[in-house]
Each structure stands twice: as structure tokens, then as C-alpha cells.
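Peer 1: Below you'll find the structure I mean.
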Amino acid sequence: MNEAIEAHLQETRTVPPPEAFVRAARVADRSLHEEAEADFEGFWMRRALTEISWYREPTESLDASNPPFFTWFKDGELNLTYNCLDRHVEAGGGGKTAFTWIGEPGEERVISYAELLAEVERAASALKALGVGKGDRVAIYLGMVPELPVAMLACARIGAIHSVVFGGFSATALADRIQDATCRLVITADGAWRKGAIIPLKDIADEAVAQCPSVEHVLVVRRTEQDVAWHDRDTWWHEAMAEADPRCEPERMNAEDPLFMLYTSGTTAKPKGILHTSGGYLLGAILSHRWVFDIRADDVYWCTADCGWVTGHTYVVYGPLANHATGILYEGTPEYPTWERHWEIVDRHKVTIYYTAPTAIRALIKAGEAAVQMYDTSSLRLLGTVGEPINPEAWIWYHEHVGGGRCPIVDTWWQTETGSVVLSPLPGLSTTKPGSAIGPLPGMKPVIVDERGNPVPIGGGGYLTLQRPWPSMLRTIWGDDQRFVDTYWSRFGPTVYFTGDGARTDDDGDIWLLGRVDDVINVAGHRISTTEIESSLVGHPAVAEAAAIGAHDEIKGEHIAAFVILRDGNEPTDELRGELAQHVAVGIGKFAKPSLLLFAPDLPKTRSGKIMRRLLKDIAEGRELGDATTLRDPAIVEAIKADADRQLGRA
Ligand code: PRX
């Protein structure tokens, strides 16, 4: 970054939109915001009609007659894949690259829109041949191979509801999700490449499916080519594709028919299947992708997210494809085989837009800027972040060393539940500030409120709420309307969506996210509830009670610290420590494994029996202990702290 910008940044901590950007930006003034403020229902309706190709055009925008069960465009009919694929091919854009896929071992495959459509049609026919139809649920448990978006789109083509489960989840976690959705089909692979090793996806899926009577078939992609066990219910993907009808007409779907569910963590041990429908979700994906990323015909756009998370749904698959963009699909992680991997890909493919998570940026910082400097990243014109608050230091490093001081950074705040970005700077319009998500996209209405639901004045902090329905909002939690109401629409009433995040505004009214206000931890951008970890731990025969918290972590944002009380007769050994951490990895997934596991004689509880997590956090982070006067037994914290200090070498 040139010195003038850096000095400016250090001094004022603001970066105006670059001139070159403002001149050509897709959104360069506030007229969209103003139009939406004047009449948000009309604003969305007009765009629904022009952005989406409908079989039957909707006549109604929002139906708010039964809050919080809002619906959008409810008499419209469409198919997502027609909008993502067919219409581009029909318009002569079939030769354009949809994805360049790069495998972790290094192979590459360029997939045009016409080729992607052909694959999706075959895969959709293959699903039909296995008896899958409209409304059926399909679990997808794959690494980042081209078959992952193909499988998602094949479901959408026939109206089946996909539930993608991230390849890092364990057999138990996969089984829970398959059972909750009563999936008929599971699509998996023999394995997935992960840092040079094979994750045996098929073995894990077999273990899960053994507990899932609803599953009739398992479709298996061949990727890692080791031998796998085979059952009557199994079919190879490539064989099914070879036999499948190459044509499959898209199913006419109602705008409010479910498109997918995606499980995410809430404050209880049971994950929630967040349900998204078709028309409103597509509109949110198309417009937010265009506004936020300023997407143009010649961009090479790379969102590094895995399709196992919502970012991969909206900003790898549906948004970019509906906008006829060219994307990079990468199988691996940023550190393998070396930390230069991403920059080498940016250089070789002349990537123009790069969208990743703060945790990856912090890890890349640790690896040093020499890795970036080895490659030419001058093709980049826009950078983005998502998933957790980005600390200003990481923002500035990203801006300087990756963006060469010339690329705007869009810090996008949103959730699995919101379906698409809610808060973000717009690259040709907003003056950015390192660490701030700035403000709402057109049509969105964030309001920061206090305990009682009253808006806090500018400069203040509180709970982030969204006070106006938006098209890509979740419609419910699969099979549990009551939980949907209780979780999101009860705290401040049935028309105020409670995000679970804290936020504040600065004197300019720009929004800064402060992290979760509930018992949800965000580890490297992955949401995990403390209760999920605790219930996994108490499922081990040696454990009587457990408390888990998120403690500050330089790279991952938060790491998991667990405090465990053993049942009588068990010794607090290092071996048991390892065994318990492994138990969580098997129960939930490796990413949920506590990095600090402490044995406690008891947990610090108030006289009314509530665990004082704040004190546990102080202990895990090695701070002076806060006020412990309300504790039932103040000696407990000292005992836990002694174990913590021993383990962390702080004695
Ligand atoms: O706490 C917020 C954090 O991630 C949560 C949503 O997680 P998930 O549903 O997994 O979706 C992640 C990708 C959209 C939010 O409640 N979060 C997400 N983006 C940001 C963020 N926190 C601060 N800044 C962000 N840009």
C-alpha cells in the first residue's frame, strides 16, 4: 500500500472508495436505498420481476398476515436451476466458464455453463431414477468437488430439498442431521482430500446411515479411489450418470417451496435445520452478490467457502451462477501444501475478487507476507470477509499486502438464517473502516436495541435486530415452528428478528459487530453451541458435569475451553484429557474439539446454581479473575485456575 494511504488509515481509520471504483461501480449512490425506504415491498417486487425468470410471475410481494411466518412472491413459479443455468445457455452464454475447479493435488477442470447444465440434467435424472422427487430430502456429504454444486443443483432441478452437511462433521453429527430431516438419499464420496490425507467420507457416511432407516440409497462419487465397503443401497455416481437420461426438464416450483435446509448451531444441543425457500432466496442471492461484489462479466470471482456452510450456498453456487459469473472452486485449504497456495491460484487464474474468512486472513498473516509477495496478485480489484468480526490489524494487513492498497474491502455480516448479506459496505459507495460492517444493504432495516427492545441512540451498543422482513429470510426451522418463533421472534415480539449478535454504532452511525450474545461460539468462522459440546462431554462415562466456553484465540477468533467434573472413581490424567477431546471430535467433528480441557473439582456457580461463564473465560484467557463474590464456593475458581496455570505453563 502506498505510504499516503497507510498514513491516512492509521490516522483516521477510514478508506474512501477508490476513484476508479466509484466511476464504474454498480452502486455508486444511495438511490437504491432511498427507493427501498420509500416502499420496500414495491422495491423487492420490481426486482423480482426483472431479475428472475418466472414460469408464472408473482402478483404479490410480501405477505405479512401471519408474523413471523412471512412469505414472498407466493403465487410465483420458477426453478432455481433454470435461472442459474438454462437461461444463460439459451441467451448464448453457454460457453462461458461457470467454474474452474482446482483439486487439492493440483488437477484442474474448466466447466462451462453448458457443461454444468448437462451435468445437472443428468444428475437430476439419476436422482429421479433412484426414486427421489419433489419435496424429498437429500443429504449431501462431500468435499469441495464439482459434484457438490452439481448435486445441489440437481436437487433444485427436481424440487428435492438438499441438506449439505460439511465434510468435517462426524458420523454421529451426520446421522443426527439425516434423521432430523428423514432424508431418502445420501450423496457422498469414497473420500475427500484434506492436507494430503484422505478423509474416509464413505466409511463415515456408512456409520451414520446404519442408524438412519429413512435412507434408501447412497450415491457415491469416486474421488480418492481407495477401496471402500459396498452395500446393496450403494450406487456409484459415475455409473448412475452414465445411465441417466441426459435431459431433465426443470420442475415448476412455487416461490415458497423449500429449496434447502442447512443445519446450524443454536443454544441447545440439537442443531437447527434452517429452511430456505425458492423465490425470495434467489432474489436475495442475485442482488446482494451483484451489489456487494460489484460483479461484472469478466470478473474471476473466488469465494473460498466450503459449500457445507451457507456462504458456499449463496456465494459459491446460487448468487454467482444466477449472475452468470465465473468462479473458482478450490478443494483444499489455504495452508496446503504451503501457505502460498491461494496466491498462486490468484496469480495463475487472474482472480479479480477474493472473499474469505478473517480466520484465514489471520493465519495467512502469521505465515508472513513473503508468501503473498512471491506471486502477482495485481489482478485483484475487490476483497471480502465474512463469518466473524475482523480485527482492524488483520483488515489493514489484508488491504495492504493482498489488495496492494487499491482494493476496497467488503466486511459482510449475515447468517445462515438471513440467507444473504444484510450489512456490508458497498465498494463504490461506502467509506470503509477497518473492523466495521458499515451498514445495511438496500431494503434491510437493522436496529440496535437495549434489553427492553428500545432503539439505542447513535454511538451506543446493544442487541442487533432486523425490523423489516426481507426476501431471503429463513422461513422456519425444519419440523419445529415453535423453536423458530422462540429463538428469533419472541424476545422483542413477532415482527422483530433477533440475530443473537451484539453490535454498536460509532458517531457516524456505522455499525460494528461485537460477537454473539448467546451461548454460541464462533471458532474459525464455524458456529458451535456451548451446549452441544457440553452434552457431548457428559455423554462420556467418566464425566459428571461440563461447561464449555469460547476463549480468545489470535487466529481462530475463539477457541474452545472445556471444564470437566469427573465422576467418582476417575482420575484426572492427561490420557483422559486426550480421550475426552477425542470423544467430542467423534461426537461432533474435529473442529469442535476443545483445545483446552481442564479438570475441575466443581464449577463456579452462583448461589442460584447458574454457572459463571465469565469467570471460566477469565481463567482460560489467563486474566485476573473478575468479581467472584456471588459464588457459592469462591475457593473453586482458585482450584481450577491452578490446573489451568499448570497446563498453560503459567505457574
Ligand atoms: O456472529 C455473527 C458471525 O457469524 C454468525 C453467523 O454464522 P453462520 O450462520 O455460520 O454464517 C456465517 C456466514 C454468513 C453471525 O451471527 N458473523 C458473520 N459475519 C460476520 C460475523 N460477525 C462479524 N462480522 C461479520 N462480517
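The values are calculated or read from the model by the stated rules, or taken from the named source; none is laboratory data. Please read all numbers here as calculations on a predicted model, not as lab measurements. Here the Cβ positions follow ideal geometry from the backbone for every residue, glycine too, while neighbour counts run over all protein chains shown.
Peer 1: Take the range 380-418 and flag every residue that is within 16 Å of the ligand (Cβ to nearest atom) and assigned to a loop (DSSP other than H, G, I, E, B).
Peer 2: Residues satisfying the conditions are G387, E388, P389, I390, N391, P408, W414, Q415, T416, E417, T418.
Peer 1: Shifting gears a bit: Is one or more of the residues making up the range 438-452 touching a Pro at 6+ places or on another chain (Cβ under 8 Å), part of a loop (DSSP other than H, G, I, E, B) and more than 9 Å from the ligand (Cβ to nearest atom)? First the steps, then the outcome.
Peer 2: Step one: filter the range 438-452 for residues touching a Pro at 6+ places or on another chain (Cβ under 8 Å), giving 438-440, 446-449.
Now drop any that are not part of a loop (DSSP other than H, G, I, E, B), which leaves 439.
Among the residues that remain, those that are also more than 9 Å from the ligand (Cβ to nearest atom) are: 439.
Yes, the conditions are met somewhere in the range 438-452.
Peer 1: Considering every residue within the range 50-57, establish whether at least one is among the aromatic types (F, W, Y), assigned by TED's automatic domain parsing to the domain that holds P469 and in a loop (DSSP other than H, G, I, E, B).
Peer 2: Yes.
Peer 1: Could you please let me know if I390 is at pLDDT below 95 and surrounded by fewer than 21 Cβ atoms within 10 Å (Cβ to Cβ)?
Peer 2: Against the criterion (at pLDDT below 95 and surrounded by fewer than 21 Cβ atoms within 10 Å (Cβ to Cβ)), I390 does not qualify.
Peer 1: Within the group G435, G368, which residue is within 16 Å of the ligand (Cβ to nearest atom) and either at pLDDT below 95 or touching a Lys or Arg at 6+ places or on another chain (Cβ under 8 Å) (or both)?
Peer 2: G435
Peer 1: If you don't mind, there's one more thing I want to ask. Identify all residues within the range 482-504 that are away from the ligand (no atom under 15 Å from the Cβ) and surrounded by fewer than 19 Cβ atoms within 10 Å (Cβ to Cβ); write none if there are none.
Peer 2: Q482, R483, V485, D486, W489, S490, G493, P494, T495
Peer 1: Here is a further query. For the range 612-632, name all the residues that are charged (D, E, K, R) and within 16 Å of F563 (Cα to Cα). Give the steps one after another, and end with the answer.
Peer 2: Here is the first cut: in the range 612-632, the residues charged (D, E, K, R) are 613-614, 617-618, 621, 623-624, 627, 632.
Matches in the range 612-632: R613, R614, K617, D618, E621.
Peer 1: Could we say that T431 is in the same structural domain as T268 (by TED's automatic domain parsing) and over 23 Å from the mean Cα position of the chain (by Cα) here?
Peer 2: It is true that T431 is in the same structural domain as T268 (by TED's automatic domain parsing) and over 23 Å from the mean Cα position of the chain (by Cα).
Peer 1: Restricted to the range 173-190, and to residues that are farther than 23 Å from D480 by Cα and in contact (Cβ under 8 Å) with a residue 40 or more places away in the chain, which residue is farthest from the chain's Cα centre (by Cα)?
Peer 2: My answer is A189.
Peer 1: Same structure again: Which one is farthest from E558 (Cα to Cα) among residues in the range 524-545 that are within 16 Å of the ligand (Cβ to nearest atom), small (G, A, S) and surrounded by fewer than 24 Cβ atoms within 10 Å (Cβ to Cβ)?
Peer 2: Out of the qualifying residues, it is G525.
Peer 1: Also, I was wondering about something else. Consider K610 against the criteria (1) in contact with a helix residue (DSSP H, G or I) (Cβ under 9 Å, 6 or more places away or on another chain); (2) of a type outside the set (D, E); (3) free of Cβ contacts under 8 Å to residues at least 40 places away in the same chain: it satisfies all of them except one. Which criterion is unmet?
Peer 2: Against the list (1) in contact with a helix residue (DSSP H, G or I) (Cβ under 9 Å, 6 or more places away or on another chain); (2) of a type outside the set (D, E); (3) free of Cβ contacts under 8 Å to residues at least 40 places away in the same chain, K610 comes up short only on (1).
Peer 1: Scan the range 453-469 for residues that are in a loop (DSSP other than H, G, I, E, B) and either under 18 Å from L513 (Cβ atoms) or within 14 Å of the ligand (Cβ to nearest atom) (or both) and report the count.
Peer 2: Count: 5.
Peer 1: How many residues does the range 151-172 hold that are over 19 Å from the mean Cα position of the chain (by Cα) and crowded, with 21+ Cβ neighbours inside 10 Å?
Peer 2: 7
Peer 1: Output yes when any residue across the range 60-74 is in a helix (DSSP H, G or I) and farther than 20 Å from L283 by Cα, and no when none is. If you could, list the steps in order and put the result at the bottom.
Peer 2: Filtering the range 60-74 down to residues in a helix (DSSP H, G or I) leaves none.
Checking the range 60-74: not a single residue is in a helix (DSSP H, G or I) and farther than 20 Å from L283 by Cα.
Peer 1: Here's a follow-up. Specify the residue that is surrounded by the most Cβ atoms within 10 Å (Cβ to Cβ); the eligible residues are those in the range 57-83 that are more than 27 Å from the chain's Cα centre (by Cα) and touching a residue at least 24 places away in the same chain (Cβ under 8 Å).
Peer 2: Only one residue fits best here, namely G76.
Peer 1: Another one. Assuming P213 fulfils every condition listed in (1) outside any helix (DSSP H, G or I); (2) touching a residue at least 24 places away in the same chain (Cβ under 8 Å) apart from one, which condition is it?
Peer 2: Looking at each condition in turn, P213 falls short on (2).
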